[in-house]
Amino acid sequence: NEPMVYNKKRVFLFVFLALLVLVVYALTRLTYLTSLPIFTDEAIYIRWSQIGAQDANWRFISLTDGKQPMFTWIMMILLRFVHSDPLFVGRLTSVLSGVGTLLGVWAVAYVLFSSTRVAFVASVLYVLSPFTVFYDRMALYDSMVSMFSVWNLYLAIALVRKLRLDTALLLGLLLGAGMLNKSSGFLSLYLL
């Protein structure tokens with residue numbers, strides 16, 4: 001009976017720490033999200049998303065400037081649900097990408113070190129890093145680039161440890177999505 005109590009305590013501690021990290025992430029990213037003045041590139045990407053969300057013929061508008069469309073596509077989907085503030089929607093897209101990166105950092109740290117303690121320390125470092133706090137709050141491609149890069153690294157490690165077709169297919173899909181987001185997504189392919 002005693003090991004069950006120990007396991008319940010560990011599960012409670014794990015859930016508590018996970019929620020704490022997510023709450024701190026939300027506080028550092030969502031508080032005064034639109035208080036910074038809009039950056040030029042943000043305005044361009046948000047406008048592309050607005051145009052693409054209104055007219056299906058313009059879903060690839062970012063290609064007119066040589067930019068991949070994934071970030072603007074995600075923003076187009078969110079613009080359909082939140083109509084009030086396009087700047088908030090654009091920055092929310094990066095915040096959501098940052099959540100994906102946070103989960104990926106935890107997963108990579110756990111798979112490399114087999115320690116939840118190390119994984120939580122890595123997650124906290126990600127949450128508190130000034131670089132990520134800044135870029136996860138801006139409507140720029142970079143937050144989504146980080147998300148795809150981290151998850152590509154995780155899947156590459158998993159594929160090296162155990163060769164499986166489903167892992168290889170998922171890695172290929174995420175590599176493609178990363179390249180569809182920004183050209184620097186090709187770096188994940190080269191690093192393989």
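Some points to look at:
- Candidate set from the range 76-105 (those that are crowded, with 19+ Cβ neighbours inside 10 Å and β-branched (V, I, T)); member that is nearest to the chain's Cα centre (by Cα): T101
- Residue in the range 131-147 that is among the aliphatic types (A, V, I, L, M), open to solvent by 80 Å² or more (accessible area, probe 1.4 Å) and modelled with pLDDT of 95 or more present: no
- In the range 30-41 there is at least one residue that is under 20 Å from the mean Cα position of the chain (by Cα) and assigned to a helix (DSSP H, G or I).
- Flag if T72 is among the β-branched types (V, I, T), without any contact (Cβ under 8 Å) to a residue 40 or more places away in the chain and touching a helix residue (DSSP H, G or I) at 6+ places or on another chain (Cβ under 7 Å): yes
- Neighbours by Cβ (under 8 Å, 6+ apart or cross-chain): first from the range 118-145, under 22 Å from L180 (Cβ atoms); second in a helix (DSSP H, G or I) and of a type in the set (D, E): Y135/D142; M138/E42; A139/E42; L140/D41; L140/E42
- For the range 61-70, a residue qualifies if it is within 21 Å of L96 (Cβ to Cβ) and either open to solvent by 20 Å² or more (accessible area, probe 1.4 Å) or more than 22 Å from the chain's Cα centre (by Cα) (or both), and the qualifying residues are K67, Q68, M70.
- Taken together, W58, W73 contain a single residue that is open to solvent by 100 Å² or more (accessible area, probe 1.4 Å) and touching a Gly at 6+ places or on another chain (Cβ under 8 Å), which is W58.
- Residue tally, condition open to solvent by 30 Å² or more (accessible area, probe 1.4 Å), assigned to a helix (DSSP H, G or I) and under 14 Å from I157 (Cβ atoms), over the range 109-121: 3
- Scanning the range 167-189 for residues that are over 19 Å from the mean Cα position of the chain (by Cα) and open to solvent by less than 80 Å² (accessible area, probe 1.4 Å) returns T167, A168.
The values are calculated or read from the model by the stated rules, or taken from the named source; none is laboratory data. Computed from a predicted structure; not experimentally measured. Here Cβ is always computed from backbone atoms with ideal geometry, including for glycine, and neighbour counts include all displayed protein chains. Ligands, DNA and RNA are stripped out before the accessible areas are found, and what is left, the full protein with its side chains, is counted by its heavy atoms. Shrake-Rupley method; radii C 1.70, N 1.55, O 1.52, S 1.80 Å.
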